[in-house]
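J.: Can you keep this structure in mind? I'll have questions shortly.
Read the figures in this text as sums done on the coordinates, not as results from a lab. Quick caveat, the model's predicted, so the values are computed rather than measured. Heads up, the Cβs are rebuilt from the backbone with ideal geometry, glycines too, and the neighbour counts pull from every protein chain shown.
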Amino acid sequence: MTIPRAITIDGPAGSGKSTLGAILATHLGFVYFDTGVMYRALTLAVIQHRVDPSDSVAVAALANQCHIGVHTPTHDDGRQYTVTLDGIDVTWDIRQQPVERLVSQVAAHPAVRQIMRAQQRAIGLAGDVVMVGRDIGSIVLPEAPLKIYLDVSIAERTRRRIIELTDRGEQIDDIALAESIRLRDERDRHVMHAAPDAVHINGDTQSPAQTVAEVLALVANIPVLHTH
């Protein structure tokens, strides 16, 4: 079977692109790389080092100094990967609300995105990878022969997030959560780009399993292929 050696999946926060990417990578035997965790890990570093998140020079300097690693899961606790910051496991720390509130601001600095994109591109060019993010197909890896843009409404993303947080024992304000997702979309809009040749998928109308099946059908029929 011939399959594209790199697949990109972009979309807004909470759209399910990470779940789709992980399942797809497992099915194809590819590396799964959620590029968003790099920005989350950097945001955690910003908080720990008490760097002003609005100071682009300071944040970029920190991005050059800290060592962010994304590895196969080291614990069987539901994680899709293990994220390290300067050698410390921060997989769940980067999902906490303080990081959630600041990550869009940290990721918006052009100098920071340039540093991160260079690291992401090197991984993508190595091939056999499913890369997930905001601008992977359009900017980081435009050569990818299959690019997906997964979109899901705010209402559906809110519903999914409530289930996720409730399962972890957290109490949720539904209205505040929906508003935070809307604001996140607004903050991310200028760094979120769908590639011109991306296939758009509406995740509201189908289950994750149906979305995976649709993408696998695209993989099987894409005209530009490389031998795996």
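J.: In the neighborhood of residue 153, defined by Cβ-to-Cβ distances under 13 Å, what is the net charge if each Lys or Arg adds +1 and each Asp or Glu adds -1?
T.: Numbers: positive: 157, 159, 160, 161, 182; negative: 151, 156, 185, 204.
Cβ neighbours under 13 Å give a net charge of +1.
J.: What helices does the chain have that are whole DSSP H segments, at least 15 Å long along their own axis by Cα, and with mean Kyte-Doolittle hydropathy of 0.5 or more? Present the calculation step by step, with values, prior to reporting the outcome.
T.: On the way: long enough: 17-28 (16 Å, 0.82); 36-48 (18 Å, 1.20); 97-107 (16 Å, 0.07); 110-125 (22 Å, -0.11); 154-167 (20 Å, -0.77); 174-188 (21 Å, -0.77); 208-221 (20 Å, 1.04).
Once both thresholds are applied, what remains is 17-28, 36-48, 208-221.
J.: So what are the ³J(HN,Hα) numbers for the range 196-205, from phi and the Karplus equation (6.51, -1.76, 1.60; θ = phi - 60°), rounded to whole Hz, Gly and Pro as x?
T.: x, 9, 6, 8, 8, 10, 8, x, 5, 9
J.: Note down the magnitude of the dipole of the chain about its Cα centre, charges +1 on Lys and Arg C-beta and -1 on Asp and Glu C-beta and zero elsewhere, to the nearest 20 debye. Don't jump to the answer; show the numbers that get you there.
T.: Numbers: 21 positive and 27 negative charges, 75 e Å.
Rounded to the nearest 20 debye, it is 360 debye.
J.: Ok, one more. Can you tell me what share of the DSSP beta bridges in the chain is antiparallel? A percent to the nearest 5 is fine. Please report the intermediate quantities before stating the final value.
T.: Values: 8 of 25 bridges.
So the antiparallel bridges in the chain amount to around 30 percent.
J.: Ok, one more. For residue 154 and residue 96, what does the FRET efficiency come to when R0 = 22 Å and r is the distance between their Cβ atoms, rounded to the nearest 0.05?
T.: Values: r = 22 Å, r/R0 = 0.98.
That gives a FRET efficiency of 0.55.
J.: Label-point separation (nm) for residue 217 and residue 125, each offset 7 Å from Cα along Cα-to-Cβ?
T.: 3.6 nm
J.: For the chain, how big is Rg over Rh, using alpha carbon atoms and the Kirkwood form of Rh? Can you show the working numbers first?
T.: Numbers: Rg = 17.0 Å, Rh = 18.0 Å.
Over the Cα atoms of the chain, Rg/Rh equals 0.95.
J.: Here is a follow-up. Could the peptides 47-54, 187-194, 71-78 be put in order, highest first, of the mean number of other beta-carbon atoms found within 10 Å of their residues? Before the final figure, lay out each step's value.
T.: Working: 47-54: 13.6, 187-194: 15.4, 71-78: 9.9.
Top of the packing list down: 187-194, 47-54, 71-78.
J.: Hey, got the dipole for the range 26-126? About the Cα centre, +1 on K and R Cβ, -1 on D and E Cβ, debye to the nearest 20?
T.: Numbers: 8 positive and 9 negative charges, 66 e Å.
For this selection, approximately 320 debye.
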